[in-house]
Amino acid sequence: MGLGILEPKSGHHVPGTTRMEEKNSVDSRGRDPNLKYCPHSKGDVVMVPQPSEDPNDPLNWTYLKRDMMLVILCMISILAATLGPILAANSFYLSTNVYHLIFTDIALLTGWHLFGVGIAGFIFVGTGTKYGRRHAYLFGALLIVVSSFWAAASKSYGSMLAARIVQGVGVAPFEALVNASVGDLYPVHKRGVRMALSNLALYGGAFITPVIVGVMTSTIGWRWTFYLVGILSAVCLPFLIFFVPETAFRRADHLNLDTALTSNRNSPEGSKTSLEMLPRSKEGSSSTSSSPVTATPLDPETHHSGANIPPKDTFLQSLRLFSKPLVDTSLIKLILRPFPLFLHPAILWGCLTQGTLIGWTVMIGVDLSVIFMFPPLWFTERQVGYLYGGAFVGAVLGFFLAGWLADWSARYMSRRNNGVYEPEFRIILVIPQAIFGIIGVFGFGWTAGDPARYGYWPATVFFGLEVCGMIIGAVASALYIVDAYRGVSVEAFTCMLMFKNFFSFALTFKAYDWLIKYKVWKTFKVAGAVQVVVCALSIPMYIWGKQLRAWLGEKGWFRAGEASKTMAMH
């Protein structure tokens with residue numbers, strides 16, 4: 001048992017378990033000459049997965065190039081994320097002055113947008129897994145541009161509704177694939193801060209939107225909120241086209257140390273990783289500062305001479321829309337594969353850990369206008385928009401906490417675990433998620449339920465705490481899925497995308513009715529109780545997560561294209 005994580009009874013190596021060697025865990029024999037190490041990290045840190053000799057392998061690109069790509073993806077993700085809550089601050093205005101419809105109909109302009117995101121995830125998970133991420137990003141960005149101008153120019157509710165659904169389709173590739181691209185571009189020990197940044201862009205950036213929308217609605221008109229998104233997306237599109245090549249890469253199985261199924265039945269410890277089983281050099285070997293790696297793990301069946309190393313793609317070749325097939329599974333099977341994955345305990349845990357707090361955030365957004373634009377406060381659209389300032393601060397706080405804790409905790413716990421890294425170490429992030437998120441949900445319900453007594457500041461602060469917990473939870477679930485189940489990470493993220501969007505879609509139907517029937521405090525008291533249960537599920541996932549990985553590894557869940565077949569057989 002390593003730090004409370006139960007070991008499997010079999011002698012098989014468990015996919016996801018790797019050795020993360022620090023200076024104080026390296027013995028006198030030095031580094032393994034068969035492995036590549038990261039020269040930019042303190043101590044002897046093994047690259048997991050191992051980069052290939054192919055110059056087109058993203059793990060061989062400079063960190064400057066990879067970080068630039070991630071920044072571009074994050075910028076467009078922010079614009080995509082703004083489209084979710086873009087109507088939150090002016091829902092009451094649209095209901096009474098533009099469309100003359102009941103409030104629930106206006107809320108459903110957000111709900112059907114989320115529904116479009118969830119449905120489109122089916123398609124992009126298949127094409128993104130088989131042909132890479134790039135075509136999905138380009139198609140999604142183009143749809144965002146077109147649909148934003150369409151929404152701005154719409155003259156009827158039906159036209160606006162159609163534009164919102166198309167916008168959801170455009171947003172889907174970024175929600176489904178950006179976190180997967182972080183797994184493509186970075187080794188395990190470099191993912192924490194980057195994953196926090198991508199989740200801040202995907203979720204946190206949306207909370208500055210209502211602040212801007214409230215001001216724009218009261219000055220130049222609500223239509224300009226959509227025009228602005230369309231214009232900025234059009235500006236970002238060339239950067240996406242020319243500076244974000246394909247991130248997915250088909251790497252030889254023996255390099256994927258985190259998804260390897262190497263067994264060690266003869267080992268007395270039974271659970272050593274494939275890294276531990278490799279022979280060690282007496283003299284040792286070290287990488288130089290001018291090169292990111294030393295040597296590749298040698299495999300007599302797959303190791304080739306330098307003469308067979310593929311040439312580096314030219315700039316024009318890097319602009320191709322589709323990659324060669326990354327997996328051999330048919331496209332239709334890949335599209336349908338997320339369905340059986342919903343039965344995967346770890347992915348279901350990820351859906352709940354990420355999705356419930358996102359759902360409560362959407363519900364708060366639907367209710368804010370009703371709570372504060374009526375007596376006793378009589379807020380305007382601009383003032384309602386300002387209420388999201390606390391949520392934005394909470395999102396930024398969540399980013400810094402998750403980014404710092406994610407990598408630090410993984411390295412610290414690995415050192416405590418004799419240098420062996422377990423993906424379950426990522427679940428520790430649920431502790432701050434629970435603290436901030438649960439306090440935020442209960443606190444918002446209590447204070448927003450009596451605005452005459454508490455005013456708006458306490459509700460704003462608690463909204464920020466809830467969003468802080470949401471960001472930390474999104475990072476925790478995303479990192480765990482990438483590190484523990486990288487072979488099916490795209491499909492897993494699609495399951496999480498579908499859950500959170502369909503859950504949020506359902507809440508937009510009922511949020512207003514619950515508010516009227518049960519009032520604010522009772523509604524959010526139930527939501528807070530649900531969140532307590534969801535966070536408590538992390539305890540068994542942490543304890544038995546490795547045993548689950550061991551069992552699923554033996555059943556073939558870690559090999560691309562095998563998950564749906566395995567579920568059908570078992």
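The values are calculated or read from the model by the stated rules, or taken from the named source; none is laboratory data. Just so it is clear, the structure is predicted and the values come from calculations on it, not from any experiment. With ideal geometry, Cβ positions are generated from the backbone for all residues, glycine too; neighbour counts draw on all protein chains shown. Just the protein is used for accessible areas: all its heavy atoms, side chains included, with ligands, DNA and RNA removed. Shrake-Rupley method; radii C 1.70, N 1.55, O 1.52, S 1.80 Å.
This table checks each residue for (1) open to solvent by 10 Å² or more (accessible area, probe 1.4 Å); (2) hydrophobic (A, V, I, L, M, F, W, C); (3) in a helix (DSSP H, G or I); (4) modelled with pLDDT of 90 or more.
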{"position": "Leu397", "(1), (2), (3), (4)": "yes, yes, yes, yes"}
{"position": "Ala410", "(1), (2), (3), (4)": "no, yes, yes, no"}
{"position": "Arg415", "(1), (2), (3), (4)": "yes, no, yes, no"}
{"position": "Ile428", "(1), (2), (3), (4)": "yes, yes, yes, yes"}
- Item | Criterion violated by Ser330 - all others in (1) open to solvent by 10 Å² or more (accessible area, probe 1.4 Å); (2) modelled with pLDDT of 90 or more; (3) among the small types (Gly, Ala, Ser) satisfied | (2)
- Query: Can you find even one residue in the range 541-561 that is at pLDDT 85 or above, touching a Cys at 6+ places or on another chain (Cβ under 9 Å) and surrounded by 15 or more Cβ atoms within 10 Å (Cβ to Cβ)?
  - Reply: no
- Task: Taking the residues in the range 333-370 that are open to solvent by 10 Å² or more (accessible area, probe 1.4 Å) and part of a loop (DSSP other than H, G, I, E, B) as candidates, determine which candidate is farthest from Ile102 (Cα to Cα).
- Result: Leu343
- Could you list, in sequence order, the residues of the range 314-327 that are assigned to a helix (DSSP H, G or I) and either touching a helix residue (DSSP H, G or I) at 6+ places or on another chain (Cβ under 8 Å) or open to solvent by 70 Å² or more (accessible area, probe 1.4 Å) (or both)? Gln317, Leu319
- Task: Please specify each residue of the range 371-395 satisfying the condition of being under 18 Å from Gly443 (Cα atoms) and open to solvent by 40 Å² or more (accessible area, probe 1.4 Å).
- Result: Phe392, Val393
- Note on the structure: Filtering the range 97-144 down to residues that are of a type in the set (Ser, Thr, Tyr) and surrounded by 24 or more Cβ atoms within 10 Å (Cβ to Cβ) yields Thr110, Thr129, Tyr137
- Task: Output the helices (runs of 4 or more DSSP H) that fall wholly within the range 438-538 and possess 1 or more residues being farther than 27 Å from Leu109 by Cβ, modelled with pLDDT of 95 or more and open to solvent by 10 Å² or more (accessible area, probe 1.4 Å), or say none.
- Result: 457-484, 489-536
